[in-house]
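One structure below.
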Amino acid sequence: MFNLFRENTRIALASIRGQKLRTILTVFIIGLGVWALVGILAAVAVLENSITGNLAVMGSNTFTITRYDYSEQVGRQNNSDARVNPVITYPQAKQFQDKYNFIGAQTSLSFTAASSVEVKYEGKKTDPEITIVGADENFLPNSGLETTSGRNFNNFDISNNSFVCIVGADFEKGLFKDVNPIGKELSIRGARFKVIGVLKGRGSTFGNRQDLNVIIPIQLARSLFSAPSIDYTIKVSITNQDLLDGAVGEAILTLRRLRKLSPSANDNFGIERSDELLESLKSQTDTLSTAAWVIGVITVFGSSVALMNIMLVSVTERTREIGVRKSLGAKKGTIAMQFFTETLVVCLMGGFVGTLLGLLTGFAISVFGSMAFPMPWMATIAALGTIIFVTIVSGLYPAIKAAALDPVEALRYE
């Protein structure tokens, strides 16, 4: 059986070499279908890994209080329906931190002090693309951030307004390339900050380059980057996930009292739970995956039809060859296997090209978006299944037709 398969493979390769243009077109058609399937699935895997990965590191026991509930804003038909909420001021955020005493809760305060800032180190400086974040000592653990070198803020740094900072991972590729950042001093708008920590890389999500952030103590940020109507963010983490519902309810009551809302008034702030946001994003990426499968299947179906037609043309052109082989004693199964093997070889070539292009597409998207590239095993398995499917669908009927030809009529074919 193996010898027969080897012989059929040899004949198939000889036929492929003899019809180079047809083979190239056929490989292109199969490769295009597999490329569409693998490329879309790989791109979805990259996006899913980037979006959900950043949320997953925070755990499912955190929630964030912001000015708006952005999940409610999405889907409004027009902006006139949107309610204008007052900002969360520093006194409100600080009072919340002092009065919110839910068991096992840890609260952090932060705000975006400035964007598009230029940062200097010795004779070098960055492009004006750095984001300055003012935060306290609980901001890093509550946000799922961790340092690869150095340390986090401590209570002494925050309470004494120490001129220290924590920088994003990209600083090790720019200002501090080939230099240990810990202990070095950065100049930010004339103030000098000692670097005490470097964050683990988080990549970019929809253009938000988190690895270009500089985090400084919150009170220093308030004094250096004063602006009207600064909006503060409150992040809360609890030790027991089972108590998350109660913690969120207590937080709502506390902030409603601080913002002096009547019992009948709606909340004029938003709460985003990490577990709900993660589930929502997973649901959306599942929808993208489903759409990718539908598009890929349609493309592969078109490829299968095109390949079947090409193989039928090949059977017609080689009718006399089939008659000669049958007259020399070739059985129907041998003839059928020859054409089926030829289809398989062409499909493997197209599948390899399509899979390679699909993986390169996903990798290019990850590089362009500064995101991690997870190996899309599902896409690779899908490519293998696609090759098997296309081979069976496209090769079975032409192989059966070739095997069923009458040898006498085949020999008379011109």
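The values are calculated or read from the model by the stated rules, or taken from the named source; none is laboratory data. What you see is a predicted model, and the numbers here were worked out from it, not measured in a lab. A quick note on method: Cβ atoms are made from the backbone with ideal geometry, for glycine too, and the neighbour counts reach across all protein chains shown.
Numerical summary
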quantity	calculated
Residue count for the stretch 227-239, restricted to those that are over 14 Å from residue 99 (Cα atoms) and surrounded by 12 or more Cβ atoms within 10 Å (Cβ to Cβ)	7
Selected residue [assigned to a helix (DSSP H, G or I) and closer than 30 Å to residue 47 by Cα] from 336, 372, 364, 306	364
Subset of the stretch 206-218 (residues that are modelled with pLDDT of 95 or more and not β-branched (Val, Ile, Thr))	217
Only listed residue being in contact with a Gly (Cβ under 6 Å, 6 or more places away or on another chain), at pLDDT 90 or above and assigned to a helix (DSSP H, G or I), chosen from 251, 221	221
Every residue from the stretch 317-351 that is closer than 13 Å to residue 388 by Cα, in contact (Cβ under 8 Å) with a residue 40 or more places away in the chain and either among the aliphatic types (A, V, I, L, M) or touching a strand residue (DSSP E or B) at 6+ places or on another chain (Cβ under 6 Å) (or both)	344, 345, 346, 349
Test: residue 60 is in a helix (DSSP H, G or I) and modelled with pLDDT under 75	no
Unmet requirement for residue 76, which otherwise passes all of (1) of a type in the set (D, E, K, R); (2) at pLDDT 90 or above; (3) assigned to a loop (DSSP other than H, G, I, E, B)	(2)
Number of the condition not met by residue 320 [criteria: (1) closer than 21 Å to residue 39 by Cβ; (2) in a helix (DSSP H, G or I); (3) of a type outside the set (A, V, I, L, M)]	(1)
Any pair with Cβ under 7 angstrom, 6 or more apart, that starts in the stretch 2-14 at a residue that is modelled with pLDDT under 70 and ends at one that is surrounded by 15 or more Cβ atoms within 10 Å (Cβ to Cβ) and of a type in the set (A, V, I, L, M)	4/337; 8/337; 12/345
Test set (1) closer than 30 Å to residue 167 by Cα; (2) assigned by TED's automatic domain parsing to the domain that holds residue 139; (3) within 29 Å of the chain's Cα centre (by Cα); (4) of a type outside the set (Val, Ile, Thr) - residue 244 fails condition number	(1)
Qualifying residue in the stretch 143-152 (condition: touching a Phe, Trp or Tyr at 6+ places or on another chain (Cβ under 6 Å) and part of a loop (DSSP other than H, G, I, E, B))	no
Among residues of the stretch 294-316, those that are touching a residue at least 60 places away in the same chain (Cβ under 8 Å) and more than 30 Å from residue 403 (Cα to Cα), counted	2
